[in-house]
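This report concerns only the one structure given below.
The values are calculated or read from the model by the stated rules, or taken from the named source; none is laboratory data. Just so it is clear, the structure is predicted and the values come from calculations on it, not from any experiment. Positions of Cβ are backbone-derived with ideal geometry, glycine not excepted, and every protein chain shown enters the neighbour counts.
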Amino acid sequence: MHLRPISDSTAGIRFAGLVLTLACFAPWSARVQAETPVATPPAASQTESSKETAMTQTIRGEFDVKMLPQPADAALGEAIGRFGLDKRFHGALEATSKGQMLAFRSAVEGSAGYVAMEQVDGALDGRKGTFVLQHSGTMDRGAQHLDLAVVPDSATGELAGLAGRMQIEITGGKHYYVFEYSLPAE
């Protein structure tokens, strides 16, 4: 297996671009129409959770992301890239997040993978607290898959009990999230 080093600046920039594409251009992005508004009214349904009624909602909004290259881990060598994540979410999720990402790009064009953890701090539909998102993304010769979920029992404050999954979309060069979540009744 031939690995491309990511330490030189040109390869690092290309790698960061590929990882950002992998992280942000999920397979479902093609479903989003350019004229879709940034925020759509939440859809709600009832589910039972620990004898309490919880509302499942879907929200949509824009986010900004900065990927900050980090020094390579000597034990892993240059094949595994490390990045800091700095995000700002807008809309029904008004929050910031900080995280860490590990990524790999193979010598085969369009094949890569990444994992990341990020802690989100802010307000979700007016309820304040923190929660952790876990990412796992792969690209197999251009075919993309992203799994992005709230880590169970990671939420604090008014968000305690939060569960959910997030999708990432790119439309017109802007980044959007679609977050389907449930919270215990207040």
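Which count do you get for residues in region 168-186 that are within 18 Å of the chain's Cα centre (by Cα) and aliphatic (A, V, I, L, M)?
Looking only at that region, the number is 3.
Please go through region 77-103 and give me each residue that is aliphatic (A, V, I, L, M) and either at positive phi or more than 12 Å from the chain's Cα centre (by Cα) (or both), ordered by number. I'd like the intermediate steps shown before the answer.
The first filter runs over region 77-103 and keeps only residues aliphatic (A, V, I, L, M), leaving 79-80, 85, 92-93, 95, 101-103.
Result: ALA79, ILE80, ALA92, LEU93, ALA95, LEU102, ALA103.
Determine the pairs where a residue that is over 12 Å from GLU180 (Cα atoms), located within region 56-71, has a partner that is crowded, with 16+ Cβ neighbours inside 10 Å and charged (D, E, K, R) with Cβ atoms under 9 Å apart, the partner being 6 or more residues away or on another chain.
Listed by first residue and then by second, the contacts come to PHE63/LYS87; ASP64/LYS87; VAL65/LYS87; LYS66/LYS87; PRO69/ARG82; GLN70/ARG82; PRO71/ARG82.
Here are the criteria: (1) touching a residue at least 24 places away in the same chain (Cβ under 8 Å); (2) closer than 23 Å to MET67 by Cα; (3) surrounded by fewer than 17 Cβ atoms within 10 Å (Cβ to Cβ). Tell me which single one PRO184 does not satisfy.
Evaluating PRO184 over (1) touching a residue at least 24 places away in the same chain (Cβ under 8 Å); (2) closer than 23 Å to MET67 by Cα; (3) surrounded by fewer than 17 Cβ atoms within 10 Å (Cβ to Cβ) leaves (2) as the failure.
Go through region 155-178 and report how many residues are in a loop (DSSP other than H, G, I, E, B) and either farther than 30 Å from ARG105 by Cα or of a type in the set (Val, Ile, Thr) (or both).
Of the residues in that region, 5 qualify.
Quick check: is even one residue across region 96-116 without any contact (Cβ under 8 Å) to a residue 24 or more places away in the chain, among the basic types (Lys, Arg), exposed (fewer than 15 other Cβ atoms within 10 Å of the Cβ) and closer than 23 Å to ASP73 by Cα?
Yes, region 96-116 contains a residue that is without any contact (Cβ under 8 Å) to a residue 24 or more places away in the chain, among the basic types (Lys, Arg), exposed (fewer than 15 other Cβ atoms within 10 Å of the Cβ) and closer than 23 Å to ASP73 by Cα.
Let's see how each residue does on (1) outside any strand (DSSP E or B); (2) at pLDDT below 85:
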| site | (1), (2) |
| --- | --- |
| ALA30 | yes, yes |
| ALA34 | yes, yes |
| PRO41 | yes, yes |
| SER45 | no, yes |
| GLU48 | no, yes |
| ALA54 | no, yes |
| ILE59 | no, no |
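Given ARG165, ARG127, ARG141, which one is among the basic types (Lys, Arg), modelled with pLDDT of 95 or more, under 26 Å from ARG82 (Cβ atoms) and over 14 Å from the mean Cα position of the chain (by Cα)? Spell out how you get there, then give the answer.
On the way: ARG165 fails: over 14 Å from the mean Cα position of the chain (by Cα); ARG127 fails: under 26 Å from ARG82 (Cβ atoms).
Within the list ARG165, ARG127, ARG141, the selection yields ARG141.
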